[in-house]
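Student: One structure is given below, represented as structure tokens, and several questions about it will come after.
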Ligand code: ADE
Ligand code: ZN
């Protein structure tokens, strides 16, 4: 099964590039940029990565990315992950990135974009990997800041596939960002949002109705709302589900408790992703293996999930045809 899952052509639709920062690279970049880390060694980092909920993770996630300062740092971060993912059979990645988390600490948007775009070009040339870019807004920051970022990113609009919405969910309903998402739609960008990760099923409905999103990141809390499940099934809305992430953040006690089998049985358009692989115990292959073990899924289920993700990825049609 491991061989099959590794070779299976996979598209990862929900991946935060800042969440791929492995402790080894964090130490290397800290040294290069003369930054003191709050950890003595890699064991201390691993020890710190025990989260009871989303906010505990976010605190360390925003702290960890402080080592990213220059275009070269962002390039190295992304290439480091692209190589690992490609070795796990990942052929396409829709990659979230969080500009506000960098700009807030004085790193210019241009540094982030130059580094990420050069890595994407390099990966497309040398790794046979395609990459879509999702510029994410932090929902726990002011709406006006998100609106300003979208305008400030004008030079990069042609390189973006979509806008997204992430960070702390509870108490930050998606509808607040309706105008920003409407503007992104006018610009021809696709729209996705995290909803129903820790927050209620109502946020999933709100993201669909008020933000016009075509995909929901996570969405697992929809299972508490029968009418919503029926709607998601009817509309075949893509849900980018991240089982190891959900378990790491205490949403479920174990993968065996995860609602993925019930979501699949309900006819929902689920796909598998890793979210923040450096923090949650592994990438695409680990997530697939965990599902195989916990749910007893066979090859045909994984083939079908893989095709769903490839069908929904932000990639040129010609590329999609080579992967299907
Ligand atoms: N940013 C990075 N990972 C996230 C997650 N799992 N939920 C919300 N925001 C995030
Ligand atoms: Zn996420």
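Student: Specify the residue with the greatest mean-square fluctuation among 307, 141, 105, computed from a Gaussian network of the chain linking alpha-carbon atoms under 10 Å apart.
Tutor: 105
Student: Using just the helices of the chain, give the 222 nm mean residue ellipticity in deg cm²/dmol: DSSP H runs with n ≥ 4 each add -39,500 (n - 2.57), and the total is spread over all residues, rounded to 500. Walk me through the numbers before you get to the answer.
Tutor: On the way: 16 runs with 159 residues, N = 324.
Estimated from H runs of four or more residues: -14500 deg cm²/dmol.
Student: What's the exposure ranking of 73, 217, going from fewest to most Cβ atoms within 10 Å?
Tutor: Working: 73 22, 217 29.
Fewest-to-most Cβ neighbours within 10 Å comes out as 73, 217.
Student: Sticking with this one: Find the relative contact order for the stretch 248-324 and round it to a whole percent, using C-alpha pairs within less than 8 Å whose residues are 6+ positions apart. Can you show the working numbers first?
Tutor: Numbers: 42 pairs, mean separation 20.6, N = 77.
That works out to 27 percent.
Student: Would you mind putting 33-45, 204-216 in packing order, based on average other-beta-carbon counts within 10 Å, highest first? If you can, show how the numbers build up before the last one.
Tutor: On the way: 33-45: 12.3, 204-216: 22.1.
Highest-to-lowest ranking by the protection proxy: 204-216, 33-45.
Student: Using 19 Å as the cut-off for backbone N distance, which residues of the stretch 45-72 belong to the label zone defined by a point 7 Å from the Cα of residue 30 along Cα→Cβ?
Tutor: Correct set: 45-51, 57-70.
Student: In whole percent, what relative contact order does the stretch 177-253 give with Cα contacts below 8 Å and a gap of six or more residues? Before the final figure, lay out the partial values.
Tutor: Working: 99 pairs, mean separation 20.5, N = 77.
For the stretch 177-253, the relative contact order is 27 percent.
Student: For q values of 0.23 Å⁻¹, compute log₁₀ I(q)/I(0) with the Debye formula on a Cα-only model of the stretch 259-324, without solvent.
Tutor: For the stretch 259-324, the Cα-only Debye profile gives -1.09.
Student: To continue, here is another question. State the Kirkwood hydrodynamic radius of the stretch 120-204 in Å, one decimal place, computed from all pairs of distinct Cα atoms.
Tutor: 13.9 Å is the Kirkwood radius here.
Student: Another question about this same structure. Kirkwood hydrodynamic radius (Cα pairs, Å) of the stretch 1-47?
Tutor: Computed over the stretch 1-47, the radius equals 13.4 Å.
Student: What ratio of Cα Rg to 2.2 N^0.38 Å holds for the stretch 190-324? Walk me through the numbers before you get to the answer.
Tutor: Working: Rg = 14.3 Å, N = 135, 2.2 N^0.38 = 14.2 Å.
Its radius of gyration relative to the 2.2 N^0.38 Å reference: 1.01.
Student: Something else about it: Given labels modelled 7 Å from the Cα in the Cβ direction, how far is it in nm from residue 124 to residue 301?
Tutor: Rounded to a tenth, the inter-label distance reads 3.6 nm.
Student: So what's the gap between the Cα centers of the stretch 282-324 and the stretch 47-67, to the nearest angstrom?
Tutor: Spelled out, the Cα-based centre of one part sits 28 Å from the other.
Student: Then there's this: Mind telling me which of 16, 53, 96 comes out most flexible in a GNM of the chain, alpha-carbon contacts under 10 Å?
Tutor: 53
Student: Between 253, 123, 190, find the one with the highest GNM mean-square fluctuation for the chain; connect C-alpha pairs within less than 10 Å.
Tutor: Residue with maximal mean-square fluctuation among 253, 123, 190: 253.
Student: If I take every Cα pair under 8 Å that is 6 or more residues apart in the chain, average their sequence separation and divide by the length, what percent do I get for the relative contact order?
Tutor: The value is 21 percent.
Student: Something else now. Wrap a convex hull around the Cα atoms of the stretch 1-134, take a quarter of its surface area, and give that in square nanometres.
Tutor: 8.9
Student: Percent of Cα-Cα pairs more than 25 Å apart in the chain, please.
Tutor: The answer is 47 percent, as a whole percent.
Student: Take the Cα pairs of the stretch 76-128, get the Kirkwood Rh, then feed it into Stokes-Einstein at 4 °C and 1.567 mPa s and tell me D in µm²/s. Could you put the intermediate results ahead of the total?
Tutor: Numbers: Rh = 11.9 Å.
The diffusion coefficient I find is 109 µm²/s.
Values in this text are rule-based calculations from the coordinates and carry no lab data. Computed from a prediction, not measured in an experiment: that's the story for all the values here. Note: ideal-geometry Cβ built from the backbone for every residue, glycine included; neighbour counts use all protein chains shown.
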